[in-house]
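The values are calculated or read from the model by the stated rules, or taken from the named source; none is laboratory data. Note that the structure is a prediction, hence the values are computed from the model and not measured. Every residue, glycine as well, gets a Cβ built from its backbone with ideal geometry; the counts of neighbours run over all protein chains shown. In case anyone asks, the SASA skips ligands and DNA or RNA and just uses the protein heavy atoms, side chains included. Shrake-Rupley method; radii C 1.70, N 1.55, O 1.52, S 1.80 Å.
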Amino acid sequence: MANFYINKSDITENTAIITGEEAQHISRVLRMKKGDEVTLCDGEGSFYEAVLSDFSDKSVTADILSSRRAETEPKVQITIFQGVPKNPKLETIVQKATEIGVVRIIPVDTSRAVAKLDKSAKVERLRKIAKEAAKQSKRGIVPKVTESVSFKEAVRMASQADLAIIPYEEETEVSLKKALSGKSPSTVAIMIGPEGGFEKEEIQLAKDSGVISVTLGKRILRTETAPIAVSAAVLYEFGEME
């Protein structure tokens, strides 16, 4: 059954109004008709089984038959704080992080970053990528992709999570496994450096704020590989990949 994303505000009692690209896809691309059944997702964790009941030039109306909470969302909510990399790496990170189950991606301006996320159009494109990836992987939510923040602000935000980690190639004592062992967090923050990694001063600021510096082993991962590898390890450790 076809799956489409709408805003929760588009639902009134047992009726949903589908607009924008999703409405165009239904009517012009798929050429669906009245009586066809669809699955709608409000992007906030609920799915709705519905039947198409009316078409107009800019919208499609669907009558909701039933609703259910999404079973595809991890109980552990992961936020990735990603040092801004060169294009199109950030697009890849957003896509794959969405597929694996991350709830939020926050680009971060770091000392060694050679790229800047300074245009709202770029952020909108990243949000569209997140939405398409959520649809493909049948996510119950669309992960939030924000405007970029400073490293200092990223540290402040990350430190508010139940568990915050920052992979660092010069860390020798604390492994990712050790940092995760024995924990039962509801929220996890993962701070990832750009292509050039983090400055020592940035790592110290993070550690002083309670973020745990960890090693990922003997191999150095690319900036677009690290957030996915660490997210997968977190989800596995806390029983979200069973």
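Given the pairs 8/86; 58/86; 152/218, which are separated by over 32 angstrom at their Cα positions? In this structure, 8/86; 58/86 lie more than 32 Å apart at Cα.
Give me the percent relative contact order of the chain, please, defined on Cα pairs under 8 angstrom at least 6 residues apart.
Details: 475 pairs, mean separation 46.9, N = 242.
In percent, rounded to a whole number, it is 19.
Please report the net charge: other residues with Cβ closer than 12 Å to the Cβ of residue 69, K and R +1, D and E -1. Mind dumping the intermediate values first?
Values: positive: 68; negative: 42, 44, 71, 73.
Result for the neighbourhood of residue 69: -3.
A dipole drawn for region 164-223 from +1 and -1 charges on Cβ atoms has a positive end, and of 189, 214, 179 the residue lying farthest that way is 179. In this structure residue 92 has an accessible area near 60 Å², from a 1.4 Å probe over the protein heavy atoms. Net charge dipole, region 11-73: roughly 300 debye, given to the nearest 20, about the Cα centre with Cβ charges of +1 for Lys and Arg and -1 for Asp and Glu.
Across region 210-216, coupling constants 3J(HN,Hα) worked out from phi with the 6.51/-1.76/1.60 Karplus curve, θ = phi - 60°, read x, 7, 8, 7, 10, 9, 9 Hz, and Gly and Pro carry x. For the chain, the fraction of 1.4 Å probe accessible surface lying on carbon and sulfur atoms is 46 percent.
Each residue of region 22-33 was assigned a 3J(HN,Hα) from its phi angle through the Karplus curve 6.51 cos²θ - 1.76 cosθ + 1.60 (θ = phi - 60°); the sequence is 5, 5, 5, 5, 5, 8, 9, 8, 7, 6, 6, 10 Hz, with glycine and proline shown as x.
When the residues 58, 89, 33, 131 are ordered by accessible surface, computed with a 1.4 Å probe over the protein chains alone, the sequence from largest down reads 58, 33, 131, 89.
Here each label is just a point 7 Å from Cα along the line to Cβ, and for residue 25 and residue 12 those points are 2.5 nm apart.
Over region 175-242, accessible surface divided per residue gives 54 Å², non-protein components excluded, 1.4 Å probe. Between residue 114 and residue 3, the modelled labels are 3.7 nm apart [label points 7 Å from Cα along Cα→Cβ].
For residue 214, the amide hydrogen comes within under 5 Å of the amide hydrogens of 166, 168, counting only partners 5 or more places away or on other chains and with H modelled in the peptide plane.
The phi-based Karplus calculation (6.51 cos²θ - 1.76 cosθ + 1.60; θ = phi - 60°) puts the 3J(HN,Hα) values of region 184-189 at 9, x, 8, 10, 10, 10 Hz, whole numbers, x for Gly and Pro.
When the helices of the chain are scored as -39500 (n - 2.57) per DSSP H run of n ≥ 4 and the total is divided over every residue, the value at 222 nm lands at -8000 deg cm²/dmol. Less than 5 angstrom separates the built amide H of residue 15 from those of 64, all sequence-distant by 5 or more or on a different chain.
Remark on residue 171: its backbone amide H falls under 5 Å from none of the residues 5 or more positions apart or on other chains, H modelled at 1.01 Å from N. Give the accessible area for residue 170 in Å² (nearest 10); use a 1.4 Å probe, count only protein heavy atoms, and leave out ligands, DNA and RNA. Counting only protein heavy atoms, the figure is 100 Å².
Suppose we keep just the DSSP beta bridges with both residues in the chain; what percent of those would be antiparallel, to 5?
Details: 22 of 48 bridges.
Around 45 percent antiparallel, to the nearest 5.
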